[in-house]
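A.B. asks: What follows is a single structure, and I will ask about it in a moment.
The values are calculated or read from the model by the stated rules, or taken from the named source; none is laboratory data. Note that the structure is predicted; figures quoted are calculated from it, not measured. Here the Cβ positions follow ideal geometry from the backbone for every residue, glycine too, while neighbour counts run over all protein chains shown.
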Amino acid sequence: MKKKITLSLIPALLCLLLSACSDSGFTVPQFTIQLAPTTLTLTEGESGNVAVSGAPDGATITWASENANIAKVSDGKVEAVVAGTTNIVATAQVNGETARAKCAVTVKTAPGKLIVKFADANLKKQLLALKPSIDVNNDDEISVSEAQAVTSIDIHFETKEDAEGAKVIRSLGGLEYFTNLRSLNLKNQSVTDASPVFKLAKLEQLVLGGNNIKTLDLSAMTALKDLRLYDNAGLTTLDLSKNTQLEELYIQRTGISSLDISMLKKLTLLLANGARLTSLKANDLPELDRIDAVKNQLTTLEVTNLPKLTQLHADNNKLTSVKLENLPMLNRLNLYANKLETINLDLPRLLFLFLHENPLKSLDMSKLPMLLQISVSNTNLTTLDFSHNPIIRNVEATYMPKLEEINLRNGAEFNDESEYLIIEGNTALKRIRVDAGDEEKLVKTLVGSKKISVVAE
C-alpha cells in the first residue's frame with residue numbers, strides 16, 4: 001500500500017530544494033545581458049568601447065579582462081596592451097541575481113613593432129646595407145614603421161654582367177610596406193613578379209629595366225613621372241591610362257606591340273627602340289620633345305599636333321605611310337630603312353632628313369626651307385629638286401638607278417663646307433643643275449669624265 005504525501009508537506013519539500021540550490025552556490029538569473037560589439041579588434045596602444053544592454057534598472061555592472069596583459073578594461077573602455085587574444089567580461093548584479101556576457105578581443109601588433117617579412121633574403125640584406133639608418137633600433141630587422149619612413153630605394157646593377165648571382169634579387173615580397181616610396185630603381189635584377197609594388201601610390205620614378213617581368217598593373221601609381229621598363233622581352237601590353245603625370249617613358253626591347261600615348265599630356269620623352277611595336281600614336285601632346293621608335297615592326301605611325309617635338313626617329317621599321325602634321329619645331333627626322341613610296345613633308349624647321357633605303361618614287365622638298373642635310377640613297381627617285389632649300393650643304397644621294405636629274409640651283413651663296421655625294425651608283429643620271437661659280441666648280445670635279453651634263457646659271 002502506497003503512502004500518501006499530504007499537501008501540507010509540499011512547502012517543506014520546496015524549502016529543502018531551494019536550500020540545496022543555495023548551498024551549491026548556483027542561482028538561475030531571471031535576466032540576461034548582451035555586449036556590443038561581441039568581437040573587437042584593436043592595434044597595440046589603441047582603445048575601444050563595449051556597451052552593456054539588457055541589465056535591469058539598479059543593476060551593478062562590473063568589468064574584468066581574462067588577461068589584462070593583453071587588454072585592460074574600465075567601465076567598458078578597452079585598452080589594447082600587447083598582441084594576442086582575450087575576453088572582456090561584464091557582470092550585472094541586482095537583487096541577488098547575476099548575469100554575465102563576453103566580448104572577444106584581438107590585439108594586433110603595432111606597425112612600429114611589426115617586422116617586414118621579405119621573400120628574398122638578398123632584398124633585405126641590400127636594403128640594410130643601402131640605408132643603415134633604416135634600422136633605427138639596430139635589431140637587424142626592418143619594421144613596418146621603419147619601411148614607411150623610406151622614400152628612395154636604389155638597388156641596381158649597371159649591366160647584366162655585373163649582376164652577381166649571390167646578390168641578385170628575384171622576389172620583391174616585402175616592398176609593399178614601403179608605402180611612402182617616391183623612387184625605386186631595381187635595374188638588372190631578376191624579378192619576374194612585380195606585384196608587391198603595384199600599390200605604391202606615391203611612386204614618381206620606377207625603374208624595372210633588365211628584369212623578366214611579363215605583367216604590370218600601374219593603375220594605382222597616379223603620381224608616376226618616370227617609368228623605365230626596357231629589356232623586359234616578356235612584357236607585351238602596357239596600360240598607361242591612369243598615369244597621366246608621366247614625363248618620361250622607356251620601353252626599349254620589350255614585347256609591347258601597340259602604343260597610344262596621346263593621353264600623356266605631360267610626356268617629354270618616349271624611347272621605344274627595339275620593341276615589337278606595329279602601331280604608334282602620339283597626338284596632341286604639348287610637351288613632347290623626342291620620339292625614338294627605331295627597329296620595331298611599325299606599319300603605321302601617327303604623329304600630329306606636337307608643338308615642341310624636335311626629334312623623331314623611326315628608322316628600320318615596315319612603314320608604308322606616315323602621318324606627320326603640325327610639327328613646327330621638328331628639326332631631325334629619321335625614317336630610313338622603311339617601305340615608304342611617298343611622304344608629305346611640311347616641316348618649317350627641319351634641318352636633318354634621312355630617307356635612304358626606301359622605295360621612294362617622289363619627294364617634294366618645297367616646304368623644307370631650313371633643310372641642311374639629306375640622305376636619300378638607295379631609293380627609286382627620278383629627280384631631286386633643292387631649289388627651295390637655300391641652306392642645303394650635305395646631300396647623300398647614291399645608288400639610285402632611276403635618278404635622272406638633280407637640281408641644286410637655289411640662288412644662295414655656296415658654302416665651302418658643302419659636301420655632295422651624288423655620283424656613285426647613279427647610272428641613269430643625265431643632268432645636274434647648279435648655281436654658277438664655286439658650286440659649279442665642285443660639281444664638275446665630282447662628275448669628272450662621266451657623261452653627265454652640268455648646267456649652270
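A.B. asks: Based on what the data block shows, is residue 417 part of a loop (DSSP other than H, G, I, E, B), more than 41 Å from the chain's Cα centre (by Cα) and farther than 21 Å from residue 329 by Cα?
C.D. replies: Answer is yes for this residue.
A.B. asks: Looking at 88, 70, 134, which is the one that is surrounded by 15 or more Cβ atoms within 10 Å (Cβ to Cβ), touching a helix residue (DSSP H, G or I) at 6+ places or on another chain (Cβ under 8 Å) and not aromatic (Phe, Trp, Tyr)?
C.D. replies: That would be 134, the only listed residue that is surrounded by 15 or more Cβ atoms within 10 Å (Cβ to Cβ), touching a helix residue (DSSP H, G or I) at 6+ places or on another chain (Cβ under 8 Å) and not aromatic (Phe, Trp, Tyr).
A.B. asks: Which members of the range 156-209 meet the condition of being of a type in the set (Gly, Ala, Ser) and under 21 Å from residue 222 (Cα atoms)?
C.D. replies: 183, 194, 195, 201, 209
A.B. asks: Right, next: Looking only at the range 411-441, count how many residues are touching a residue at least 24 places away in the same chain (Cβ under 8 Å), crowded, with 18+ Cβ neighbours inside 10 Å and not aromatic (Phe, Trp, Tyr).
C.D. replies: 7
A.B. asks: Looking for something out of contact with any helix residue (DSSP H, G or I) (no Cβ under 7 Å at 6 or more places or on another chain), at pLDDT 90 or above and more than 28 Å from residue 177 (Cβ to Cβ) - is there at least one such residue anywhere in the range 14-31?
C.D. replies: yes
A.B. asks: Okay, next question. Looking at the structure I just gave you, is residue 432 in a strand (DSSP E or B) and modelled with pLDDT of 95 or more?
C.D. replies: yes
A.B. asks: Residue by residue through the range 146-168, note down the ones that are at pLDDT below 90 and either under 25 Å from residue 201 (Cβ atoms) or in a helix (DSSP H, G or I) (or both).
C.D. replies: If the condition is that a residue be at pLDDT below 90 and either under 25 Å from residue 201 (Cβ atoms) or in a helix (DSSP H, G or I) (or both), then 160, 161, 162 are the ones that fit.
A.B. asks: Suppose we filter 58, 96, 45 for residues that are small (Gly, Ala, Ser), surrounded by fewer than 16 Cβ atoms within 10 Å (Cβ to Cβ), closer than 20 Å to residue 30 by Cβ and in contact with a strand residue (DSSP E or B) (Cβ under 8 Å, 6 or more places away or on another chain); which single one remains?
C.D. replies: Checking each option against the conditions leaves just 58.
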